[in-house]
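Notes follow once the structure below has been shown.
The values are calculated or read from the model by the stated rules, or taken from the named source; none is laboratory data. As the structure is a prediction and not an experimental result, all values here were calculated from the model. Because the Cβ atoms are built from the backbone with ideal geometry, glycine has one as well, and the counts that use them run over all protein chains shown. Only protein heavy atoms, including side chains, enter the accessible area calculation; ligands, DNA and RNA are left aside. Shrake-Rupley method; radii C 1.70, N 1.55, O 1.52, S 1.80 Å.
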Amino acid sequence: MNYSINEIASICQGTHLAGKGELFLKSVSFDSRKIWNSNGMCFFAIKGVNFDGHNFLSDAYEKGVRLFVISDKTIDYSCYTNADFIQVDNSIYALQKLAVHYRSQFKFPIIGITGSNGKTTVKEWLAEALIDHFSVVKTPKSYNSQIGVPISIFGITKVHDLGVFEAGISCENEMDKLEKIIQPDIGIFTNIGNAHDEFFESKDLKAREKSILFKSCNALIYNADDDFVHEAIKPLACEKISWSIKGKGTFNFSITKNGLESIALFRNQSIVLPFTDDASIENSLHVISTLIYLNIDFEDIQKKAAKLKNIAMRLERVQGMRNTLFINDVYNSDLSSFEAAIELLKSDETRKRKSLILSEMHNTGYSSAEITKRISEFVEDISFESVHLIGEDAKPYAQAFNKESTLFYTDTASFLDKTNVGTFQNSTVLVKGSRSFELEQVTQKFEKQAHQSVLEVDLSLMEKNLNFYRKKIGDDVRLCAMVKAFSYGAGGHEIAEMLEKNNVDYLAVAYADEGIALREKNISLPIIVMNPEDPQPAKLAEFNLEPAIYSFESLSAYDGFSNGLKVHLKLDTGMHRLGFLENEIDELKEELKSFPFDVVSVFTHLAASDDSNYDTFTKNQLDKFDRMAGILDLEDVFYHALNTSGISRFPKHHMGMVRLGIGLYGVSPIKEEQAFLEPAIRLKSTISQIKEIAEGDSVGYSRSFKASGHTKIGIVPLGYADGIHRSFGNGNGSVIVCGQQTETLGNICMDMCMINLNGIDAKIGDEVEFFGPSKSILKTASEMNTIPYELLANVSQRVKRIFYFD
């Protein structure tokens, strides 16, 4: 990319407002948090549902950006010295117009993929299968939206000769824009499912809308057994290449499932697939059919199909032994994703020692010298404790690092053989490389906990939920995020780091020890200690913690301490836990006259803000809070009363700050909000063993379940010591296995539980979801006769936590 100011203004149909007009656009960004190299960068200030990029112009400017595309006519750009501004009507449309122009510069084949499910998997599998034949450029991660597709297209360079891009829509009239950007020559239509049904009148309409991506294609690959797809693509003029397992396609397959793998028979030749679930088989047949159409050697297709794997599409943070943190990014090895991963490594301040495990980069289109030069630019300000290069072609990369700290290995097995648990002690380690090197084995060897059960936390979805509530409160109200009790059991500093990067105003913990732990992990946000039990003023001051004062006894604990503290006063308006009562306010006002510390805020806690049956009580609480605060009559303080449910239900009482807790995780007691929140946390385990039992056989302690007939059961290593209540047993609870819901059998044991697998084609090692995207935590909590707060807080620390980033 190398666009002049005049070219950008012309392409985007904008007006050059300020600046000398001498800059050239070489890259684009719309997220000020992800600006790592500002040289030649243009920041598009995009207005979204939950954010407005114009609010972050100064952040981008401070990071060195000097070229901006804006749509807000009220922006005072005069304070941005030496910066150029281009005014457009709509920044998203401007970004899309620029992408259309940029795409038109390249004439090599582009494969476009859409559908309800499987887009990203098909894209990744296909790109991996083609890297020996083409220099492939593809959609990073799952960037398939109205913004993501343009960003993906800007990844094309002159070294590429094939593109694989995915497109996703959530409502009508979106695909036409994406079709103009991608301009695919070959299409893949994966399927039509239930996603986004609420935004379309029918599945037929949704299928027709998605088919717009292929209106100018030369060829389209699709599943002839999918009736919605088959009907939707009939009007298209392109060549139609269909596959089928019912004998209806251009390419016909028969599938046989055998243990942990399947055999796809095609024209009397076998293709081994390393899975048995229907979704993976469907995705693989899309890929295989495309490879056949592209005349890839059949023997090569067989080899590639046998190596297909489920893809982890997100950065993953895994706790290792001896205080090691692994940042896993092993699904991709292009230079742009390497740059992003390096920036994440640099941003982690919890451990000063940094190490890198890097395999050779396959089929980037760049020479080893060019790759080495780019790596040198990315890592120039990092002092690595050790660098581990894997693969013969990775040797030239050593020039980018200190020779004394750089080690070579021919393959991953050699690396694993020569390293031990102490190699990365007290370090943050970035693991980055091509999938063929199977670097996931690294964290499997060194991870701290081998427990098969995992609590997954998707920090990207937490960001979306945070922005959902930010939209509700506006720019003038502070936001305090509750991270007490190990962030509701989900994690500690990892969530706090995400919140700090997203510029929340305050964090709140229950006890001082929790706040000290965050400070020791370099969290610098203001932290309120809601319950400073046995307060030690010197300790609070040392770690810059702000205690809540809720009684005269807690007030007297600070007598004689002269160093400055910031404190918060809690008033009891009806919850009747901690807090000053209304009849104590006059005395409190007198005490505060000689109080030496700064009172920052005054707050209360609502007892029933989530329950409309008690709205009169809640309003009385708010009225009482106003009266009590009025008597105190303090200057330069702010007030707060609302928790997650109160934010939405009592918008007139946002005051100076709100306190957001469970809503961050995508949980709200307000039914209407559930459609807009993202489930950001998932508890899952695996099937350890499968058994067939006969009629009359019992399961578990006390023989509480007896089979009424032949029954297939699965044993799952998650029990009441992990946080699964005993009340969840005996069919009261349900889990998701292979996309199907099934019930528990017998009593929950300390370390495991049993589930019914009748009618489910499950195998040992299959995932079992207790709550997450497929089953809401609200439902699981209800099955345990509890609430999501308790369920999350009770998930044992022996259950491994994994944090993801998109």
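Descriptive notes on the structure:
- Sorting 294-302, 678-686 by average packing, meaning the other beta carbons within 10 Å per residue, from highest down gives 678-686, 294-302.
- Helix-only mean residue ellipticity at 222 nm for the chain, each DSSP H run of n ≥ 4 adding -39500 (n - 2.57), per residue, nearest 500: -8000 deg cm²/dmol
- The stretch 136-253 - Rg (one decimal) and Dmax (whole number), Cα, Å: 14.5, 43
- TRP36, TRP243, reordered so the largest accessible area comes first (probe 1.4 Å): TRP36, TRP243
- The modelled label-to-label distance for the pair SER4/LYS418, using points 7 Å beyond Cα in the direction of Cβ, is 5.3 nm.
- Ratio of Rg to Rh over the chain (Cα coordinates, Kirkwood Rh, two decimals): 0.98
- For the stretch 726-780, the C-alpha radius of gyration sits at 1.07 times the compact-globule guess of 2.2 N^0.38 Å, with N the residue count.
- For the peptides 217-225, 373-381, the ranking by mean Cβ contacts within 10 Å, running from highest to lowest, is 217-225, 373-381.
- Of all lysines in the structure, those lying under 16 Å Cα to Cα from LYS354, and not within fewer than 8 positions of it along the same chain, are LYS346, LYS403, LYS432, LYS521.
- Taking a ≥ b ≥ c as the square roots of the eigenvalues of the Cα gyration tensor, the stretch 363-412 is oblate, since a/c reaches 1.5 or more and a/b is not larger than b/c.
- Length added when fully stretched, ASP475-LYS445, from 0.36 nm per residue minus Cα-Cα: 6.2 nm
- Distribution of pairwise C-alpha distances over the stretch 454-556, 5 Å bins, in %: 2, 12, 22, 22, 17, 13, 7, 3, 1
- When the P(r) is computed for the stretch 668-806, the part past 18 Å accounts for 55% of the Cα-Cα pairs.
- Once the Cα-Cα distance is subtracted from the 0.36 nm per residue extended length, the LYS234 to ASP297 segment shows a gain of 19.7 nm.
- Placing a label point 7 Å from the Cα of ARG703 along the Cα-to-Cβ direction, the residues of the stretch 711-746 whose backbone N falls under 16 Å of that point are 746.
- Separation in nanometres of the label points that stand 7 Å from Cα toward Cβ, at ASN758 and LYS352: 6.3
- The portion of the accessible surface of the chain made up by carbon and sulfur, rounded to a whole percent, is 47 (1.4 Å probe; DNA, RNA and ligands excluded).
- The equivalent ellipsoid that matches the C-alpha gyration tensor of the stretch 319-464 spans semi-axes of 23, 18, 16 angstrom, in descending order.
- Neighbour net charge for ASP227 - beta-carbon separation under 14 angstrom, K R +1, D E -1: +2
- Sequence-distant contacts, meaning Cα pairs under 8 Å at least 6 residues apart, place the relative contact order of the chain at 8 percent.
- Kirkwood-based Rg to Rh ratio, the stretch 62-125, C-alpha trace: 1.16
- Each eigenvalue of the Cα gyration tensor of the stretch 498-621, multiplied by 5 and square-rooted, gives one semi-axis; in descending order these are 26, 21, 11 Å.
- Computed over the stretch 371-465: relative contact order in percent, which uses C-alpha pairs under 8 Å that are six or more apart: 20
- Kirkwood analysis of the stretch 1-125, using all unique Cα-Cα pairs, places the hydrodynamic radius at 15.5 Å.
- Taking a ≥ b ≥ c as the square roots of the eigenvalues of the alpha carbon gyration tensor, the stretch 520-583 is oblate, as a/c is not under 1.5 and a/b does not beat b/c.
- Pairwise alpha-carbon distances in the stretch 99-150 exceed 13 Å for 65% of all pairs.
- Rolling a 1.4 angstrom probe over the protein heavy atoms with all chains in place gives the stretch 1-149 an accessible area of 43 Å² per residue.
- Distance between the 7 Å Cα→Cβ label points at LYS158 and ARG322: 4.8 nm.
- Furthest towards positive pole of dipole, ASN117, ALA83, TYR143, structure part the stretch 33-146, Cβ charges: ASN117
- Taking only the alpha carbons of the stretch 190-288, we obtain Rg and Dmax values of 14.8, 44 Å in that order.
- When the alpha carbon coordinates of the stretch 237-352 are projected onto the principal axes, the ranges are 59, 39, 24 Å, largest first.
- Quotient of Cα Rg and 2.2 N^0.38 Å for the stretch 75-193, N being how many residues it contains: 1.19
- Backbone N within the stretch 754-795 under 11 Å of label point (7 Å from GLU743 Cα along the Cβ vector): 756
- Using only side-chain charges placed at the Cβ, +1 for Lys and Arg and -1 for Asp and Glu, the dipole size of the stretch 495-599 relative to its Cα centre rounds to 360 debye.
- At R0 = 60 Å, FRET efficiency that the Cβ-Cβ distance of ASP132 and ASP586 yields, to 0.05: 0.15
- When the stretch 567-611 is reduced to its Cα atoms, the Kirkwood hydrodynamic radius in Å: 11.6
- The phi-based Karplus calculation (6.51 cos²θ - 1.76 cosθ + 1.60; θ = phi - 60°) puts the 3J(HN,Hα) values of the stretch 514-519 at 5, x, 4, 4, 5, 4 Hz, whole numbers, x for Gly and Pro.
- The stretch 260-278-the stretch 578-619 distance, computed between alpha-carbon centres (Å): 66
- Per-residue ³J(HN,Hα) for the stretch 659-664, Karplus 6.51 cos²θ - 1.76 cosθ + 1.60, θ = phi - 60°, Hz, x for Gly and Pro: 10, 9, x, 4, x, 4
- Three-way shape label, the stretch 515-556, alpha-carbon gyration tensor, a/c 1.5: prolate
- Estimated FRET transfer efficiency when R0 is 30 angstrom, pair ASP636-GLU22 (beta carbons, to 0.05): 0.05
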